[in-house]
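Below: one structure, written as structure tokens.
The values are calculated or read from the model by the stated rules, or taken from the named source; none is laboratory data. Keep in mind that what you see is a predicted model, and the values were worked out from it rather than measured. Here the Cβ is made from the backbone with ideal geometry for all residues, glycine too, and neighbour counts use every protein chain on show. Ligands, DNA and RNA are excluded from the accessible area calculation, which covers all protein heavy atoms including side chains. Shrake-Rupley method; radii C 1.70, N 1.55, O 1.52, S 1.80 Å.
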Amino acid sequence: DDMEIAATIVAMGHILGFKVLAEGVETPEQLAFLQEKGCDMYQGYIKSQPVPAHRFAELLDIQQYS
């Protein structure tokens, strides 16, 4: 099952002393599962669709000063 594989990867990464980043997170259920398993960071459509570089810089500025 894909969720068991993801949980194992998160655990292995932490055992090795790494921070774990999940890519392709699209649903609240996926995010909740990853957070429950201790995933450190995530990216995917749930956070933002792909944007041009200048828009990404604007988003970082907004996030920093919020």
Self-check item: Where the chain is the region considered: accessible area per residue in Å², 1.4 Å probe
Solution: 81 Å²
Quiz item: Out of residues 5 or more away from residue 22 or on other chains, whose amide H comes under 5 Å of its own, with H placed 1.01 Å from N in the peptide plane?
Solution: 41, 42, 43
Self-check item: Cα-based helix-to-principal-axis angle, 2-15 vs the chain, degrees rounded to 10
Solution: 90 degrees
Quiz item: Can you put 47, 19, 37 in order of accessible area, largest first, using a 1.4 Å probe?
Solution: 19, 47, 37
Quiz prompt | Of all accessible heavy-atom area on the chain, the percent that carbon and sulfur account for (1.4 Å) | solution = 58 percent
Quiz item: At a probe size of 1.4 Å, how large is the accessible area of residue 51, to the nearest 10 Å²?
Solution: 60 Å²
Quiz item: Computed over the Cα atoms of region 8-60, what is the convex hull's projected area averaged over all directions, in nm²?
Solution: 4.2 nm²
Quiz prompt | Cβ-placed point charges (K, R +1; D, E -1), dipole of the chain about Cα centre in debye, nearest 20 | solution = 260 debye
